[in-house]
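The structure appears below as structure tokens.
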Amino acid sequence: MSNEICAADQAAIADMQRLLKLQKQAVLDQGAPSLQLRYDRLDRLSAALHRNRNKLAEAMSQDFGNRARATSLLLDVLALLGSIAHNREHLHLWMQPDLKPDPAPGAYARVEFQPKGVVGVVSPWNVPVQLAIGPIIGILGAGNRSLLKPSELTPATAEALKELIAPAFDESEVAVVTGGPAVGAAFTTLAFDHLIFTGGTAVGKHVARAAADNLVPLTLELGGKSPAIVSATVDLEQATRRILTAKMINSGQICVSPDYVLVPEARREAFVEIAATTISQLFPTQKGNPDYTTIINEHHFKRINGLIEDARAKGAKIVALVPTGEEPVDPASRRISPTLVMDPQPGMKVLEEEIFGPLLPVITYTTIEEAIGYVNARPRPLALYYFGKDESEERLVLDKTISGGVTVNDCISHLTDENLPFGGIGDSGMGHYHGGIYGFRTFSHARSIYRQADETPGAALLSPPFDATTTAFFDQAFAAFGEK
């Protein structure tokens, strides 16, 4: 098999094994880092991001063909700086032992949050800095060390990350490994103390199988088809604008992008009109517009265009929201205009695959129960969005559906709150993290500590010979827990 791997990737595979050994030995030699050292590591990371923000934005735009600078600075740099600041503010509290009630006279119990050790991070191409560095914030805050494998589909960004990390951290603290698919596959087989993977569901299954050989605990941040349910009670103009604005972040190439929208039958045409107006205001032009992010590569461009053509051929009405005189699909720049797929039917690929692009299927319903049933007939999504003003209906949607997270009357906003966990369920992932306490707890081992009392009268009950005293104890104990 090694003969099929290029020399550079073979070298990367050997080096990541060296790095893992180096970091694991550092864990044993140095133990859990102090609060001050954790602050120092976070400060170094923050300074490196701040200093390299323009270089990172340029690298991401190079990888995408064109990526809106504001998108890169907001999602991939500023959000991370805010997350680091949140960690710094609260870390001293999260590190405190969780004291438990005294389990017995003279005995004491507590939970201490111990660093797990070395945490591997496999990050994707779509938000390539945030989803690489975001987990590392929680990893460092929890006192761990980390190896990062960025996506090979964004090579310029991967190199920029490597150049950002190398001068800021000793390689025994944080290191970046680059390379192709063979490097990524080998990376997931390493005996990490925890592994976090962000990507598609199909690849996530392979990662889980690889990690199982070493019983590596996993956090899988996957994707899925996140629905937006538009209630009959909603302010339709506000809801539509928010859905379309969220959809066009990174041209839909975000795991929590609304993947389809459920609209009351009577408001179908109004939704289309407002959507068209919204896009015309966001992008008066699309061709050559630096604010319009293009599709990451030729493979995904063809895949997304294939979803449009498949739906068209199978009877869907395709509504391209494109300025007059511009083509909705431009192969030269890999630009695809925002596109509504009206009344899609079962069997269309656009309803079966995660879109990861600027397409939005519009599905109509007559009752909220019908909309809920549609969502529940599909795998559990990473996010769910409900737009409405009826509190009882909102409660019904929340109680009757299961998803990784929910935003009410907006999209994606639940990700912006550092106090909320981020994660999926079922096909959309397992485990959760974020910059706040949930990331700290995910990357920490909750270690139980029990200090026994000097005198333990009850211990005699555990030791033979068992006599009448033992029998009397059981009679009294079971009577106390008798049927109610």
Could you pull out the residue among ALA48, ALA70 that is touching a residue at least 40 places away in the same chain (Cβ under 8 Å), under 23 Å from the mean Cα position of the chain (by Cα) and loosely packed, with under 14 Cβ neighbours inside 10 Å? ALA70
ALA459 vs (1) under 27 Å from PRO33 (Cα atoms); (2) not assigned by TED's automatic domain parsing to the domain that holds ARG241: all pass except (1)
Restricting the range 420-444 to residues that are part of a loop (DSSP other than H, G, I, E, B) and touching a residue at least 40 places away in the same chain (Cβ under 8 Å), the one surrounded by the fewest Cβ atoms within 10 Å (Cβ to Cβ) turns out to be GLY431
Being free of Cβ contacts under 8 Å to residues at least 60 places away in the same chain and closer than 18 Å to ASN409 by Cα is the filter; apply it to the range 271-308 and report the residue that is surrounded by the fewest Cβ atoms within 10 Å (Cβ to Cβ). ILE274
So THR245 ticks every box in (1) free of Cβ contacts under 8 Å to residues at least 24 places away in the same chain; (2) surrounded by 16 or more Cβ atoms within 10 Å (Cβ to Cβ) but one. Which box is left unticked? (1)
From ALA26, ALA47, ALA12, ALA8, which residue is among the small types (Gly, Ala, Ser), within 29 Å of ASP76 (Cβ to Cβ) and in contact with a helix residue (DSSP H, G or I) (Cβ under 6 Å, 6 or more places away or on another chain)? ALA12
Are any of the residues in the range 315-330 among the acidic types (Asp, Glu), outside any loop (DSSP other than H, G, I, E, B) and within 27 Å of the chain's Cα centre (by Cα)? no
Just to confirm my filter: which strands (runs of 3 or more DSSP E) fall fully inside the range 96-199 and include at least 3 residues that are crowded, with 21+ Cβ neighbours inside 10 Å? 118-122, 145-149, 174-176, 194-198
Scanning the range 202-260 residue by residue, those assigned to a loop (DSSP other than H, G, I, E, B) and within 15 Å of the chain's Cα centre (by Cα) turn out to be LEU222, GLY223, GLY224, LYS225, GLN253, ILE254, CYS255, VAL256, SER257
Index of the failed condition, ALA453 passing every other in (1) of a type in the set (A, V, I, L, M, F, W, C); (2) over 24 Å from LEU236 (Cβ atoms); (3) within 23 Å of the chain's Cα centre (by Cα): (3)
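The values are calculated or read from the model by the stated rules, or taken from the named source; none is laboratory data. These figures come from a predicted structure and were not determined experimentally. No Cβ is skipped: glycine too gets one built from the backbone with ideal geometry, and neighbour counts run over all protein chains shown.
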